[in-house]
Structures are given as C-alpha cells and as structure tokens.
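Below: the structure, in structure tokens.
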Amino acid sequence: MAFKKTPDFHYENCVSCSICVQACPVGALDLTRPGKSGRYRNLFPQLVNDRCISCGLCAKSCPMECILMVIPYEG
Amino acid sequence: MKSCMGKILKVDLTSGTTTIENIPDEVYEAVLSGKGLGAWYLYKNIPAGADPLGPENILGFCSGALTGTGTFMAGRFTVVCKSPLTGGWGDANCGGVFSPAIKQCGYDAIFISGISEKPVYLYCNNKGAEIRDASEYWGLDAVEAENKLIEENSGGKIPRVAVIGRAGENLSLISGICNEEGRIAARSGVGAVMGSKKLKAVVLAGSRPIPCADPEAVKALSKELGRKINKIKIPKGLGGAIWAAGIGMGKMPSMPLDGSMTTILFREWGTPSNTPLAITSGDGPLKNWGAGPGEMHGIRHAMAFNPEKINKIEEAKYHCYSCPLGCGGRLDISGFECGDYYETHKPEYETIQAFGPLCVNDDFGSVLYMNEILNRAGMDTISAGNTVAWAIECYENGILTKEQTDGLELKWGNYEAEIELIRKMIERDGFGNDLADGVKRASEKYGGKEYAMHVGGQEPGMHDTRNDPQLGIHMVAEPAPGKHTIGMAIQYGAMSICDICSWAPPATIHSKKNDIEATEEMALISKANACYSMLMDGIGSCYYAEMMGVHMYKAIEYINAAAGWEYDGDHYMEIGARIQTIRQMFNVKHGYEPSEVKLPERMQGKPPLKNGPLKGVTLKTDEQVAMHWKAFGWDEKSGHPLPETIEELGINRLMEM
C-alpha cells in the first residue's frame, strides 16, 4: 500500500496570502476554511478535492512556513 | 531578469494569430516588468495618432517583476493602452489573482492588437494560447461572465479571468476591466479599449513555475513582514471615533509618519477607514469639490460611513494574491435594499466618497448597492461619481432640466436618482449615454464646465488637492493625469525614501502652507514620490506596500533577492525615472500636450473656501509642475522630456531593442 503525503496546514502563522493556492499545479487547494477567532474573518487554505499529487509546491512556496507535507494519520 | 519569464504573448485579433516573443534581459534591467515593460512596448509599437478604439491601439496585461516569487504584496497586474478618455497614456492596475496567472502561462505580459469581427475571449494554459468564441458571454455582467467562464474551463487549476462588463461592451470611456467578481482595473478607459476589440475576457489556466534568484532570501523578507502584520491588533470598535481623529489631522502640519499607521487601519477596516478621516480633515472632496468640512454637516456624513458598519456585515476578509494585509472583504448586503444582490466586495474609500459625500448622500445602503452595480458593469466609480456629482450640480443650478435628464430629479442626496442615472450610463440609455464618456464630454455638450471636475480629461481621485498641494502636482504632472496614487504629502511622510535615495529630501515637520510653494526641494520630493511609485508598479507591488515605507516593506532588498542583483536605491529610482519619462514621451508622441493639462479652478482653491481646514487655500500648481518637470530633466514650459535626458536614461538605445 502506497502512502501519499498531503499538506498539513498550521494556521497560527498563516496570513491568508494564497501563495500556496496559486502554486498548486492541479488546483487542489483553495481559501475556504473560515478562521476560528472571528476577529479577522480570514479564509485559510485547505485541500478542496482529491487532486493532490504530493508535489510539495504549496509547502515550498509558503513564506510563513505554515505547511508541512505529511502522511495523514488515520487512527 | 531571474524573477521574470523572459517572454511576452502577442495577440492580433484582426488576423486571429498569437505569437510569442523573447524579451532581451536589457529591457528588464532598464524598466523591470509591469508598467515599465508596458511603457516600453507601447511606446515602440503604437503609431502616433492611432485611434484609441481602433485596431492599432494595443491593450497590454502586464504582471509584476516580483509577482510569484514569494514577495508579499506584489500581486498586482497593470493594464496599459492608449487612453480613449484622455487621448494620451493610459493605465490601470488591480489586485486579485490575475497577475501570477499571467506568469504561470509563461509570459510577463500579454499584448493584444487588432479588432475581432465577433466577440471572442483569449484562453491560455501551459500548452499555448487560443482565441475562442465568446458570443454566449457577451451581454453578461462581469461577475456572471467570470463565473461561467471558470465553470466551463474547470477541471484542473482554477482559471483566472479578466473580463469586461456591460460598460466596456458599450464602449463607455470610463469603463474598466474586472477580475475576482468585480474588482476593477478601473482608470483610463481601459475597458472601452477591450470592448472595442470585441474581447470579452482573458482566461488564464497555466501552472508553470515562476523563477526567482534566491527564493529563501525572498521568503525570509516576507516572513519578517508577515510576522509584523500578524502582530497588529487594536481594540475593537474604534472605527466610530475615527472622524474625531480627522478633525485633528486637518490641523496637522506635514510631517514624518510611521509607515505602519496605514497598515493598522487597513487591516482592521480596509480603505473605508479613510472615509470619516477624509470627511472631517478636508482630504475628501465634498459636494462636487465645492465645499469643505466647514461648509457641510461633515460629522453626520462621517458617522453615516462609520467603518464599523462595514465590519458588522463582513462575511470574510479578502486578500489579493501574496498579500498578508487583507484590506478587502466580502459583505453580506441582504439587509439593505440592493435589488437582487446579496453580496458585494467591500467598497473602496474612493467609491464611498464618490457616491456618498461628493453627492451629499449619507445613505450607506445605497452606496453598497451602487458599488455592486458598477463593479458588475465594470465602470470606474471615481469617474462615474464625479460625473454624477456634476450632473446634480448642473441640475440644482438650472443648467440641466428635468426633460434633459429623462425625468430624473437630480438633487443632492437623492440616491434613488443616482442609482437610476448610473444604470442609464452603463446601458447608454437616453441622458445616460451622454454621461457614459465622463464629465469632460458631458460638460462640452450641456455646459456647466465650471462644475466639471477633470484633469486632462480624466476625473480626479477622491483626495482634495487643497488639503494636499503635493497631490495637486501629481494630478497634473502624471502622464495619466487625475490619479491619486502617485504621490501625496502623507505618503512621502510615511515612506522614508531619503533612506534609500541619496537625492530625496528627508520628510520634515512643516506647515502645509509650505507645500504650496514652488521650490527645488518640493520638486525633488515630488520627483522621488513619482519615481518610487513607478518602481513599485514595475515590480507589481501595491500602493499600500508603498505607504508602509522602505523600512517595513523592503522593496530594494526584495528586488535584489528575487532578481539576483546587487543594486542600490539610487539605481532603482533611476529605473523609476526612466519609466516615467517613457510614459511622458508616449504623450508627446501622440500629441497629448502636458502643458494643456490643468487642475480645475475649484481644485486650485480659486476662489478659496471660506471656512474649515481648507479656508483660504489657493494653490500654485502650475509653477510647482514646471519645477517638477525640470527636476525630471524635462522642458519646464512644455513638459517634453529633453533630448539629453532621454539619452542619459538610455531610452534611445532601449527603443531599438
């Protein structure tokens, strides 16, 4: 069984700049996840379909280092 | 240049052909990309005397030299053309996500000439470009057309779309080009040029990597900026008190400021934070530029546009590509009478001022409605607002009759008539047809020229030159006159340009009255402001990055890291001077005489206002502009760039490339 790495987002430092969304070559990301606090009603990136090809370009592009490529844990 | 694609796409809509051209590195070294690349290409390739709405005009979509490199706030694209509104140089820029999409198709810019026989759109991806039939999209508003084009071209990466609405289709000379559901590259009549070519949209779906000399160094600069912005937090609910700060600002001298000031305001409320400040300080024009805060119920209007009202209905913040600030927002307008519309982009300050206090309208909901109508139509809210305000003043003074206005009671504050009038302008219906080409042409037909606020044919941005004489210089001297984004006293005070440029004077504390005088120091200040503005446009950066100042937004460090260069600020300011000089040469080539561009008398304070912070102010803009031209090495009487200046800047050699 092949294990596929996908982006794991750490939103604490995310500035919603969408650089990762545009870096994704297959359109697997979008800014859709609403922020928790409600103060700055930012949208944050997340996977929105199953197109991710594990290329890691999103993680590489993020200036705030908010994205890690990990094998999702399915406990 | 290691941060650019090194290629442009050329499209001829008459023959239906597309070609790719390599751009020599020397061009990027001389003018960067963005507005600079556009100026170089258009000066060379549009013949003198070309009809702006004819096949010889070229419409360019230019990305920025730093777009896509990891540089924050460098995601704006610039549209360039010969302006049908003024007859001279035309440009407009916009945020969103279109700029990186240009580069991801493999180009730094797309230049479109010719005229198609039927409506078409341009589609580009990694494989190339094709011209497709757009008959089914013609007639749709910008939002409808964009969403339909995305849906029908989906399946992989989300396509990014630049599109005209009904105003551009109808060749309104005050129409712009939209993206991201109604964000507009609004100025200079760029939408009419696109409409004249029968080009409904440009759809980009490329996914090529964008190069960068030192991505880690760029990321480090962005991380530093992002952390600073993330730390900004101010107590909730202060928006309701901003008007009071405006009263203080109106009395303040010109002075050095902290660049983070605008960052705080725009992160919390976006540009609407400026509305109450502008109304009470004298920065925002009132009643068709005919009144100051001393003559109107300024506080009532300021409270009507309290930015906290906007925060209450903001569903989500909207960030342009690569922006950590996020001054935009999507608003839920279902609680207002806005026809069939339930959502709109947060209106910009300019829009609020133009359809609010400029027309003596304090109905918040009506401004939201007009914002959405104009965004969908792709009509410039600055030009449209100035034109509507002119019509109201003419009606109030008997220059226009009810018969001429198709029965509309154009009175100050009658927002229902305002809404009906902009609908008529968009569709070129009846009286609206005569206003669809801006205030200069409307006043030539009906009279009331003394109420027609335009600078060289273009309606001015919503900042009063009597409050800021430095702005007056740029409104006139800028090759696309009437713009408010080239330079201001408050901007110069915040930028600390003197710390990166050896010849730029330091910002000092001094009375605003000193800014009225034509001095060599003032000329160097206005030159530095214009050069830095051109530099930022060349890299695709945002005006609000500029306002942060050189210590917070490290543009020079960014360029060196992304391009692999090691130049200093003086070198880059010379690039700014070169871009500005080429744009001025474009005007001279096309017979658009700089010396004939004047501020309307009202904007000069002739006669001066009698009350409030603008009381007694009369400008000396003509003298200041002459000194500004001289500082650029242009003839101080005609504004024509001098041959020796053109030679010194290497422009002759550049035009041979």
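The values are calculated or read from the model by the stated rules, or taken from the named source; none is laboratory data. From a predicted model like this one, the values you see are computed outputs, not experimental measurements. Using ideal geometry, Cβ is built from the backbone for each residue, glycine included, and neighbour counts are taken over all protein chains shown.
Listed values, structure above:
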{"item": "Residues within the range B:441-475 that are in contact (Cβ under 8 Å) with a residue 24 or more places away in the chain, outside any loop (DSSP other than H, G, I, E, B) and of a type outside the set (Phe, Trp, Tyr), tallied", "result": "12"}
{"item": "Residue tally, condition surrounded by fewer than 24 Cβ atoms within 10 Å (Cβ to Cβ) and in a loop (DSSP other than H, G, I, E, B), over the range B:543-562", "result": "4"}
{"item": "Out of B:Leu265, B:Leu204, sole residue that is more than 20 Å from B:Arg466 (Cβ to Cβ) and touching a strand residue (DSSP E or B) at 6+ places or on another chain (Cβ under 9 Å)", "result": "B:Leu204"}
{"item": "Considering residues of the range B:225-237 that are in a helix (DSSP H, G or I) and touching a residue at least 60 places away in the same chain (Cβ under 8 Å) only, the residue nearest to the other protein chains (Cβ to nearest Cβ)", "result": "B:Gly226"}
{"item": "Hits in the range B:73-99 (condition: more than 14 Å from every other protein chain (Cβ to nearest Cβ) and under 14 Å from B:Tyr544 (Cα atoms))", "result": "B:Asn93, B:Cys94"}
{"item": "Of the criteria (1) surrounded by fewer than 24 Cβ atoms within 10 Å (Cβ to Cβ); (2) closer than 18 Å to B:Gly591 by Cβ, which one B:Tyr41 fails", "result": "(2)"}
{"item": "Elements of type helices (runs of 4 or more DSSP H) in the range B:268-346, at least 3 residues being modelled with pLDDT under 95 and within 14 Å of chain A (Cβ to nearest Cβ)", "result": "B:307-312"}
{"item": "Filtered residues of the range A:1-34 (kept if part of a loop (DSSP other than H, G, I, E, B) and more than 8 Å from chain B (Cβ to nearest Cβ))", "result": "A:Met1, A:Ala2, A:Phe3, A:Lys4, A:Lys5, A:His10, A:Cys14, A:Ala28"}
{"item": "Residues within the range B:505-537 that are touching a Ser or Thr at 6+ places or on another chain (Cβ under 8 Å) and either free of Cβ contacts under 8 Å to residues at least 60 places away in the same chain or of a type in the set (D, E, K, R) (or both), tallied", "result": "4"}
{"item": "Total residues in the range B:339-395, condition surrounded by fewer than 24 Cβ atoms within 10 Å (Cβ to Cβ), closer than 18 Å to B:Asn288 by Cβ and either assigned by TED's automatic domain parsing to the domain that holds B:Ala162 or touching a strand residue (DSSP E or B) at 6+ places or on another chain (Cβ under 9 Å) (or both)", "result": "1"}
{"item": "Pairs with Cβ under 7 Å, 6+ apart, first in the range B:2-13 and under 13 Å from B:Arg208 (Cβ atoms), second among the charged types (D, E, K, R) and in a strand (DSSP E or B)", "result": "B:Lys7/B:Glu21"}
{"item": "Contacts under 7 angstrom Cβ, first residue in the range B:70-96 being on the phi > 0 side of the Ramachandran plot, partner part of a loop (DSSP other than H, G, I, E, B) and among the hydroxyl-bearing types (Ser, Thr, Tyr), 6 or more apart", "result": "B:Met73/B:Ser322; B:Met73/B:Ser541; B:Met73/B:Tyr553; B:Gly87/B:Tyr592; B:Gly96/B:Tyr321"}
{"item": "All helices (runs of 4 or more DSSP H) inside the range B:574-657 with 3 or more residues being without any contact (Cβ under 8 Å) to a residue 40 or more places away in the chain and either within 26 Å of the chain's Cα centre (by Cα) or within 30 Å of B:Lys512 (Cα to Cα) (or both)", "result": "none"}
{"item": "Boolean, B:Glu647 is loosely packed, with under 15 Cβ neighbours inside 10 Å and either closer than 13 Å to B:Pro469 by Cβ or at pLDDT 95 or above (or both)", "result": "yes"}
{"item": "Unique match (being over 28 Å from the mean Cα position of the chain (by Cα) and among the charged types (D, E, K, R)) among B:Lys231, B:Lys198", "result": "B:Lys231"}
{"item": "Some residue of the range B:333-349 being among the polar types (S, T, N, Q) and in contact (Cβ under 8 Å) with a residue 40 or more places away in the chain", "result": "yes"}
{"item": "Hits in the range B:119-159 (condition: without any contact (Cβ under 8 Å) to a residue 40 or more places away in the chain, on the phi < 0 side of the Ramachandran plot and over 28 Å from the mean Cα position of the chain (by Cα))", "result": "B:Lys127, B:Arg132, B:Asp133, B:Ser135, B:Glu136, B:Glu151, B:Glu152, B:Ser154"}
{"item": "Filter result for B:Gly482 (within 14 Å of the chain's Cα centre (by Cα), in the same structural domain as B:Tyr543 (by TED's automatic domain parsing) and not basic (Lys, Arg))", "result": "yes"}
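For every residue, the table says whether it meets (1) of a type in the set (D, E, K, R); (2) buried (at least 24 other Cβ atoms within 10 Å of the Cβ).
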residue	(1), (2)
B:Lys7	yes, no
B:Ala48	no, no
B:Leu53	no, no
B:Val80	no, yes
B:Ala92	no, no
B:Gly96	no, yes
B:Ile102	no, yes
B:Gly106	no, no
